[in-house]
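Single-structure report; data block below.
Derivation of every value follows stated rules applied to the coordinates shown; laboratory data play no part. Model, not experiment: these values are computed from the prediction. Positions of Cβ are generated from backbone atoms using ideal geometry, with glycine treated the same way; all protein chains shown enter the neighbour counts.
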Amino acid sequence: MAAPASNDALFVALGAVPGAWLRFRVVNHFEPMLPRKHWGTFGVNLIACFAIGLLVSLQTSCGLAADRTLLLLGTGFLGSFSTFSTWITELHDTIQRRQRREAVLLCGGSVLGGLLAVAAGLALGSS
Amino acid sequence: MAPPTTESPPSLRREARDLLLVAGGAIPGALLRWQLEDLGKGLVGGHAGLIESDLVANLLGTFLLGVIAGLPAPRPRLMLLAGIGFCGSLTTFSSWMLQISLALRRGRPDKALAVVLISLLAGLVAVGVGLVVGRRLGHRRLRR
């Protein structure tokens with residue numbers, strides 16, 4: 001079935017563009033203010049984690065939306081808004097510069113903070 | 001449309017160009033990630049497939065970003081299109097975290113920890129290899 005499949009792709013693409021734009025603008029916006037630029041990416045990722053937890057729990061608890069909402073907002077928007085590659089590249093950079101404290105904070109903070117943010121989103125959506 | 005006599009300020013035009021470049025990379029990046037997720041589901045089945053497929057997209061994007069970042073001469077437009085747009089959208093942090101969180105909720109901390117460690121270590125290796133490849137590519141191009 002070619003038609004529904006191509007429609008699904010449209011939903012993913014429609015979510016991806018504003019997601020990538022917002023990430024680009026937010027990271028650029030915070031770059032001069034924050035002492036190290038990787039905290040902009042860190043913030044973006046944590047917000048996305050909270051939002052995806054909320055989205056998934058709203059979908060399961062209220063039957064809020066069909067698969068397409070998840071494609072648009074989850075796979076498209078939040079998937080593009082959050083990033084793994086930039087985070088790892090910045091982590092690699094801190095390790096190479098031997099900024100050990102910064103690397104541990106960025107790595108541990110992102111993983112633990114991300115898990116907490118997902119849990120908070122899931123809890124809020126199902127409350 | 002603006003009348004041809006009043007030129008839009010260059011900063012605005014540049015901003016529009018930047019956004020177009022990011023969008024031009026973001027669409028194929030997100031579509032590829034979505035397709036890789038579906039492929040993973042078909043191969044392994046259920047959540048296990050999702051976890052692994054996110055890993056594929058994340059590692060591929062991380063390697064490519066390493067290549068771009070490794071190029072000796074900075075390429076701002078390539079960075080916007082392929083780096084921030086394509087690699088940024090191909091890779092995802094939120095779905096990755098969601099899968100880890102769901103594995104924890106299903107009482108599989110071993111699985112969650114494995115996904116975290118494998119993704120982290122393989123990601124760091126992917127960046128490192130990408131940076132080396134990028135530097136070599138750049139040198140070869142400079143020599144020509």
Report the dimensions of chain A along its three principal axes from the alpha-carbon atoms, largest first, rounded to Å. 52, 34, 24
Segment B:12-143: spread of alpha-carbon positions along the three principal axes, whole Å, largest first, is 52, 32, 23
If each residue of separation counts as 0.36 nm, what is the full-extension length gain between residue A:10 and residue A:67 once their alpha-carbon separation is subtracted? 19.2 nm
Taking the Cβ of each residue in A:68, A:23, B:106 as the centre, tally the other Cβ atoms inside 10 Å and list the residues starting with the fewest. B:106, A:68, A:23
Apply the Karplus curve 6.51 cos²θ - 1.76 cosθ + 1.60, θ = phi - 60°, to the phi angles in segment B:68-83 and return the couplings in whole Hz, x for Gly and Pro. 5, 5, x, 4, x, 8, x, 10, x, 5, 4, 4, 5, 6, 8, x
Relative contact order of chain A, pairs being alpha-carbon contacts under 8 Å that are 6 or more residues apart, as %: 41
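Based on other C-beta atoms within 10 Å, arrange B:84, B:118 from fewest to most.
Least crowded to most crowded, the residues run B:118, B:84.
Determine, for A:25, A:100, the number of other Cβ atoms within 10 Å of each Cβ, and report the residues in order from fewest to most.
Sorted ascending by nearby Cβ count, the order is A:100, A:25.
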